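Below is one structure, written out as structure tokens; the observations come after it.
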Amino acid sequence: MGCGRVGSALAKALEAIDHSVAIIDQDASAFRRLPTGFEGSKVTGIGFDRDTLVEAGIERAHAFAAVSSGDNSNIIAARVARETFGLENVVARIYDSRRAAVYQKFGIPTVATVRWTADQVIRRLLPEGVASEWRDPSGKVALAEVSYSPDWVGHRVTRLENACGARVALLTRLGEGMLPHADSVVQEGDLVHLCLASNRLDEVGRILSIGPQQEAS
């Protein structure tokens, strides 16, 4: 939702990696920002209106991004996508970073404009695998954000570490980084950042994609 500079760049980036894209804007002239040859659907309407969302294909969508110019519109649309249509991968762009943590309590990941990049939004929409964030000069050690099965929620980070053989360097919770301790528990919505050997990125991603009960069996 939203075909401004952010929305059009996001649509272009997603289509470039072979995803089908539908983009909504209440101003039809906004679609001129889309690149020539854009093959996705263009729907004129209010992005939190259910009929508009259905027209855009939300009932068969994998993810939804609300990136219009209005905080309220974005969070309403994101909540409709999550609560009415049951989408798990939803992200809302929020201009006021002070309100972002409040909105995340609704279960909607938010991205504040001052920290926004298309890569960050795509990472929230397609939370799969491992995203390397830093490597040491030798290339042998990496800091990476790793997606994990929802079954890890409620378990201590130490159990997660033991399962994958990597160290949890930090958690991002409600938009803020925190250093975990021995009793820290993974909570819903946490982003997990691991320090690990670079050659184990794919392996660790596979391990954490299954829950602890499966891993232990």
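Being of a type in the set (Ser, Thr, Tyr) and under 18 Å from LEU125 (Cβ atoms) is a property that holds for SER20.
For ASP27, the conditions (1) under 19 Å from the mean Cα position of the chain (by Cα); (2) surrounded by fewer than 18 Cβ atoms within 10 Å (Cβ to Cβ) are fulfilled apart from (1). Taking the criterion of being in contact with a Phe, Trp or Tyr (Cβ under 8 Å, 6 or more places away or on another chain) and either over 17 Å from ALA92 (Cα atoms) or not assigned by TED's automatic domain parsing to the domain that holds TYR103 (or both), the only residue of the stretch 45-77 that qualifies is GLU59. Of everything in the stretch 57-73 that is under 11 Å from VAL21 (Cβ atoms) and aliphatic (A, V, I, L, M), the residue that is surrounded by the most Cβ atoms within 10 Å (Cβ to Cβ) is ALA65. Scanning the stretch 41-56 for residues that are buried (at least 18 other Cβ atoms within 10 Å of the Cβ) and out of contact with any helix residue (DSSP H, G or I) (no Cβ under 6 Å at 6 or more places or on another chain) yields THR52, LEU53, ALA56.
The criterion of at least 3 residues that are outside the structural domain of TYR103 (by TED's automatic domain parsing), in contact (Cβ under 8 Å) with a residue 24 or more places away in the chain and closer than 22 Å to THR110 by Cα is met by the following strands (runs of 3 or more DSSP E) wholly inside the stretch 157-216: 191-197. With a requirement of 3 or more residues that are at pLDDT 95 or above and within 14 Å of CYS3 (Cβ to Cβ), the strands (runs of 3 or more DSSP E) lying completely within the stretch 21-66 that satisfy it span 22-25, 41-44. Applying the criterion of at least 1 residues that are small (Gly, Ala, Ser) and modelled with pLDDT under 70 to the strands (runs of 3 or more DSSP E) found wholly in the stretch 84-154 leaves 110-112, 130-135.
Among the residues of the stretch 191-200, the ones that are of a type in the set (A, V, I, L, M), under 18 Å from ASP136 (Cα atoms) and within 19 Å of the chain's Cα centre (by Cα) come to 1 in all.
The values are calculated or read from the model by the stated rules, or taken from the named source; none is laboratory data. Keep in mind that what you see is a predicted model, and the values were worked out from it rather than measured. Positions of Cβ are backbone-derived with ideal geometry, glycine not excepted, and every protein chain shown enters the neighbour counts.
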